[in-house]
Amino acid sequence: MIRQWTTMAALGAVVLASGCATITKGTQQTVTVDTDPSGAVCTMSRDGAVVAVVNPTPGSVPVGKGAGAISVICKKASYQDAAGTLASEFQAMTFGNILLGGLIGVAVDAASGAMHEYPSMVKITLIPEEFADAAQRDAFFDRMKAQLRTEVAEVKERTQKVCRPEACANELAAVDAGMNSQLADIERRRLQAKVRRP
């Protein structure tokens, strides 16, 4: 039975490859990269290979969909290099293939990488190489912490809408753990930040 399904899926892939590679969505998507402040050069890489460069930010580029995360490294004069990650997410839309193309449609999406999709936008905050004084430094990192807490609250709200809190306990705990880890990293960066000598 499994061999029969595999043969059928392979045959379907060959037939459909001559037309569309996927039924629901293509194998590429557009990703917008922005920085605060703008005007940075951001290099996007996956599995050690450069997939796109945004110069300057903000800018949008096409990227191929895939299971691997895309790392983003941004550079701008007078600011520290900053990094971010675009994690691939399974497309809920792919399940529409069960209605449109049967199991073969799902197999084609899996083979083409179209089942995976990245967030459509990433915004990275650049940290100045030097602050005028300690008050300016502390205000900057306090804003970063406040923004992180706001984003985490939105993520938790979306999570709670799709499942009961008791059923999503592990997911919510992971969000909190991630937030605490990032808050600790922000504090570490605050302590390491340079302040201009008077």
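The values are calculated or read from the model by the stated rules, or taken from the named source; none is laboratory data. This one's a predicted model, so the numbers in the text were calculated from it and none came from an experiment. Here Cβ is always computed from backbone atoms with ideal geometry, including for glycine, and neighbour counts include all displayed protein chains.
Observations on the structure shown:
- Options Ala135, Ala167, Ala146, Ala139: the member that is at pLDDT 70 or above, farther than 30 Å from Val50 by Cβ and either in contact with a strand residue (DSSP E or B) (Cβ under 7 Å, 6 or more places away or on another chain) or not in a helix (DSSP H, G or I) (or both): Ala167
- Exactly one residue out of Leu191, Leu126, Leu183, Leu99 is within 30 Å of Gln28 (Cα to Cα) and modelled with pLDDT of 85 or more, and it is Leu126.
- Some residue of region 71-91 being part of a helix (DSSP H, G or I) and modelled with pLDDT under 85: no
- Filter result for Thr6 (out of contact with any Cys (no Cβ under 7 Å at 6 or more places or on another chain), more than 25 Å from Tyr79 (Cα to Cα) and either of a type in the set (Phe, Trp, Tyr) or at pLDDT 90 or above (or both)): no
- Contact map, region 58-87: first residue farther than 18 Å from Ala40 by Cβ, second residue of a type in the set (Lys, Arg) and surrounded by fewer than 18 Cβ atoms within 10 Å (Cβ to Cβ), Cβ cut-off under 6 Å, separation 6 or more or different chains; the map is empty.
- Taking region 142-195 as the range and being of a type in the set (S, T, N, Q) and either in contact (Cβ under 8 Å) with a residue 60 or more places away in the chain or out of contact with any helix residue (DSSP H, G or I) (no Cβ under 9 Å at 6 or more places or on another chain) (or both) as the test, the residues that pass are Gln147, Thr150, Asn170, Asn180, Ser181, Gln192.
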